[in-house]
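Peer 1: Take a look at the following structure, please.
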Amino acid sequence: MFYEECPAPPSLQPFVTRLWFVRAQPQARYEKILPGPEAHLILNLSDPYRLISPSESTPAESTEQPKATEVSTGFYAGLQRSYLISENPDQLFNVGARLTPYGLAAFTSQPPSGFQNRVVDAESIFPGFSELRPPLTHSEPEQAFTALSTFLQQRLRPSYRADPRVMKATEILAREDVEIGVLAAELGISTSTLERIVMRDCGTTAKAYSDVCRFNRIVNQAAALPKGAVPGRELLHLADYYDQPHLIRSFRRFSGFTPTEYLQVVQSYGAEYATFVPLEQMTG
């Protein structure tokens, strides 16, 4: 596996945090992509692959093929409230950008709420994105990063400025558990105002974003647990869940796994697969 990333150039910050490049043979035919605190703009330079959402998956006993979106060129994955399943090609070759939760608003006047929990063709937001593909099909990271950075810089909305309250709120929520009311008071605004401005700029509520960030922190900590750890007990210690059934329900909602199932899979591949979990078979 070859993976490289770099900070986004200052001209794209704070809307884009990092650029990344991957060329690899997938660990398994399928991959479960777990929700996280950032959105992604991705240019696919490999053969097409399929993205399947849990709501579109068919029951295991069904003989029907699950519905899926074929990804051939570029796509934008907004903030997700649940996992996605990717059916990979024989070789992965992608270049992408990580966007902050309010980052999309810097490039389009379309409401961010319309792209949350969705994967859409990048052309619907970033016209001309697919034109990057032909010259980059044999590229190395530096060339790909330069092309993607230039493309994004040209599409920034000149008059757009991020709300500093939203920037501060999402930065804090990505880092730690804070009650939304306490966070609003720290910012000098009401809870309803905080929810309104986060929804306006990020397309999701502050509470929903907090839940995703909390899960993302837990799952990365869980992936680093030593083999033989008791998942329920260890994760209750890591997270502020008041009982094990509550933890299991939340973990399953975001990942489709119980904590035990998750640890069995991720520990067989390594902590680097914490949020991109290889699957030999497609599961719900």
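Peer 1: Using unit Cβ charges (K, R positive; D, E negative) and no other charged atoms, how large, in debye to the nearest 20, is the dipole of the chain about its Cα centre?
Peer 2: With only Lys, Arg, Asp and Glu charged at Cβ, the dipole is about 580 debye.
Peer 1: Where the convex hull is taken over the Cα atoms of region 87-242, what is its projected area averaged over directions, in nm²?
Peer 2: 12.8 nm²
Peer 1: Taking the simple approach of a point 7 Å from Cα along Cα-to-Cβ for both His246 and Arg133, what is their distance in nm?
Peer 2: Label-label distance for His246 and Arg133, simple model: 4.7 nm.
Peer 1: Among Asn94, Leu51, Ala185, which residue has its Cα positioned farthest towards the positive end of the charge dipole of the chain, with +1 placed on the Cβ of Lys and Arg, -1 on the Cβ of Asp and Glu, and the dipole taken about the Cα centre?
Peer 2: Ala185
Peer 1: For region 1-136, what does the relative contact order come out to in percent, with C-alpha contacts under 8 Å and a separation of six or more?
Peer 2: Relative contact order, region 1-136: 32 percent.
Peer 1: What do you get when you divide the Cα radius of gyration of region 99-166 by 2.2 N^0.38 Å, with N the number of residues?
Peer 2: 1.24
Peer 1: Between Glu171 and Tyr269, what is the FRET efficiency for a Förster distance of 35 Å, r being their Cβ-Cβ separation, to the nearest 0.05?
Peer 2: 0.70
Peer 1: With a Förster radius of 25 Å, plug the Cβ-Cβ distance of Ala224 and Arg81 into 1/(1 + (r/R0)^6) and report the FRET value to the nearest 0.05.
Peer 2: For R0 = 25 Å, the calculated efficiency reads 0.55.
Peer 1: Okay, next question. Roughly how many Å² of His40 are accessible to a 1.4 Å probe, to the nearest 10?
Peer 2: Accessible surface of His40 is approximately 50 Å².
Peer 1: With each label point set 7 Å from Cα along the Cα-Cβ vector, what nm distance links Thr258 and Thr69?
Peer 2: For the pair Thr258/Thr69, the computed spacing is 3.2 nm.
Peer 1: If you average 1/r across every pair of different Cα atoms in the chain and take the reciprocal, what Kirkwood value do you get, in Å?
Peer 2: 19.8 Å
Peer 1: Taking a point 7 angstrom from the Cα of Thr205 along the C-beta vector, which residues in region 16-47 have backbone N less than 20 Å away?
Peer 2: 35-38
Peer 1: From Cα pairs below 8 angstrom and at least 6 apart in sequence, can you work out the relative contact order of the chain, rounded to a whole percent?
Peer 2: Over the chain, the number comes to 23 percent.
Peer 1: A follow-up question, please. Roughly speaking, what % of Cα-Cα pairs in region 1-147 are separated by over 22 Å, rounded to a whole number?
Peer 2: Of the Cα pairs, 40 percent sit more than 22 Å apart.
Peer 1: While we're looking at this one, here's another question. What do you reckon, how do Asp211, Asp201 stack up by accessible area (1.4 Å probe), largest on top?
Peer 2: Asp211, Asp201
The values are calculated or read from the model by the stated rules, or taken from the named source; none is laboratory data. In this text, all values refer to a predicted model and were calculated from it rather than measured experimentally. Neighbour counts run over all protein chains shown; Cβ positions are idealised from the backbone, glycine included. Ligands, DNA and RNA are stripped out before the accessible areas are found, and what is left, the full protein with its side chains, is counted by its heavy atoms. Shrake-Rupley method; radii C 1.70, N 1.55, O 1.52, S 1.80 Å.
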